[in-house]
Amino acid sequence: MRRRFWVALTLIQLLAACSSTAYRNEIFAEASPYEARFATTPPATCEAARRVLLSQGYSLVAAAADEIRGSKAFQPDEDEHVVLDITVICVSLPDGAIAYVNAVQTEYALKEKSDSADLSISRLGSISLPLGGSKDSLVKVGAMTVEDPTFYQRFFAAMSRHAPRLRPTR
């Protein structure tokens, strides 16, 4: 009996070790699609990001001199809802500013939940009665950081219309 316990515990630990975890694929590369350098101050760089977000229909969630957060909702079909949240942080450089941008896509699906009622009568027990009603609600089904470099290139290109870019240092 004790041996089975240890074998089962060892198998559980092996399965847990083999499970896929996102951080194992994290590289922390020197070149990053999430940053761009601008020949402006951090407030002017974040102002450029604010203008880009507003011009594309994003709602501003937060706006400060060195940070902008915007959100935009999409509905690809009637049972799916997607929210794109973008955060821009602007940091000072000796010759300008650097903008760090991160976009997170959150997906929601429409789920239906049926209603029922329980009726309890002493000495007879409990009876579950369907009411015939149902409620639809959006349920979060996933969220992930947008990793597509072309998405960020388009964002930084739009920012450069309002703030001149610096050449990347190599």
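Bear in mind that the values in this text are calculations on the coordinates, not laboratory data. This structure is a prediction, so every number in the text was calculated from the model and none was measured. A quick note on method: Cβ atoms are made from the backbone with ideal geometry, for glycine too, and the neighbour counts reach across all protein chains shown.
Pairing residues of segment 30-57 that are farther than 14 Å from Phe151 by Cα with residues that are of a type in the set (S, T, N, Q), at Cβ distances under 9 Å and at least 6 apart in sequence or on separate chains, gives Arg37/Thr169; Phe38/Thr45; Phe38/Ser160; Thr41/Ser92; Pro42/Ser92; Glu47/Thr40; Ala48/Thr40; Ala48/Ser160. Would you point out the residue of segment 41-95, among those that are in a strand (DSSP E or B) and of a type in the set (Lys, Arg), that is farthest from Ala109 (Cα to Cα)? Filtering first and then ranking leaves Arg69.
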